[in-house]
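Below: the structure, in structure tokens.
The values are calculated or read from the model by the stated rules, or taken from the named source; none is laboratory data. On a predicted model such as this, the values are computed, not experimentally measured, just so you know. Glycine gets a Cβ as well: all are built from the backbone with ideal geometry, and neighbour counts include every protein chain shown. Surface accessibility is based on the protein's heavy atoms, side chains included, excluding ligands, DNA and RNA. Shrake-Rupley method; radii C 1.70, N 1.55, O 1.52, S 1.80 Å.
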Amino acid sequence: SKDGSFEASFGDIVRYVESHYRTKRKASARAIAGLSMGGGHSLYISASNPGMFDYVGLFSPAVKPREESPLYTDIEGKLAAQFAAEPKLYYIAIGKDDYLMEENIAYRQMLEAEGYPHHYNLTEGAHKWNVWRDYLVDFLPRLFR
């Protein structure tokens with residue numbers, strides 16, 4: 001959501017799923033991924049819940065929030081906590097012609113400046129489904145290893 005309430009309540013969703021379905025209740029058994037705005041949600045949900053997800057996939061993510069919310073503040077501190085929990089895979093993919101390229105370059109530079117390990121997949125293409133399908137095909141085999 002634009003005000004961060006979706007991201008803020010995501011822990012409740014995880015707890016609901018785990019209380020109603022047979023799941024492994026640990027970060028090594030959890031992944032979160034999304035494309036475009038969903039990539040932005042995945043970024044902020046995982047950063048706001050350090051140690052909840054060992055696998056994070058951001059496909060052409062909308063890195064910059066379009067609205068203000070406490071959830072979107074102190075991303076540097078949240079990322080520090082998230083990477084202190086040592087996620088097994090932090091995956092970012094974007095096409096060279098994607099209109100979100102500039103904000104993704106800045107985000108990746110921030111990750112690199114802090115020494116946060118991440119997999120970066122720069123491809124041909126724009127902000128389109130055919131590009132995201134390829135990212136999913138590349139991302140999925142990397143999970144739960």
Q) of a type in the set (S, T, N, Q), surrounded by fewer than 14 Cβ atoms within 10 Å (Cβ to Cβ) and in a helix (DSSP H, G or I) - does that describe any residue in region 107-119? A) yes
Q: Give the residues of region 42-61 that are open to solvent by 20 Å² or more (accessible area, probe 1.4 Å) and touching a residue at least 40 places away in the same chain (Cβ under 8 Å), sorted by residue number.
A: Ser48, Met52
Q: Output yes when any residue across region 62-82 is open to solvent by 20 Å² or more (accessible area, probe 1.4 Å), under 23 Å from Arg15 (Cα atoms), charged (D, E, K, R) and not in a helix (DSSP H, G or I), and no when none is.
A: no
(Q) Please determine whether any residue of region 113-122 is free of Cβ contacts under 8 Å to residues at least 24 places away in the same chain and farther than 22 Å from Ala31 by Cβ. (A) yes
Q: For residues that are touching a helix residue (DSSP H, G or I) at 6+ places or on another chain (Cβ under 8 Å) and not hydrophobic (A, V, I, L, M, F, W, C), scanning just region 13-35, find the one that is nearest to Leu58 (Cα to Cα).
A: Gly34
Q. What helices (runs of 4 or more DSSP H) completely inside region 1-61 contain at least 3 residues that are modelled with pLDDT under 85 and farther than 19 Å from Asn121 by Cα?
A. 5-8, 10-20
Q) Restricting attention to region 91-99, does a residue exist that is assigned to a helix (DSSP H, G or I), under 20 Å from Ile32 (Cβ atoms), open to solvent by less than 50 Å² (accessible area, probe 1.4 Å) and at pLDDT 95 or above? A) no
(Q) Residues to consider are Leu100, Leu111, Leu79, Leu89; find the one that is touching a strand residue (DSSP E or B) at 6+ places or on another chain (Cβ under 6 Å) and of a type in the set (A, V, I, L, M). (A) Leu89
Q: Pick out the one residue from Glu114, Glu102, Glu124 that is in contact with a Leu (Cβ under 8 Å, 6 or more places away or on another chain), at negative phi and acidic (Asp, Glu).
A: Glu114
Q.
Being open to solvent by 90 Å² or more (accessible area, probe 1.4 Å), part of a helix (DSSP H, G or I) and closer than 15 Å to Gly39 by Cβ is true for just one of Asp138, Asp134. Which residue is that?
A. Asp134
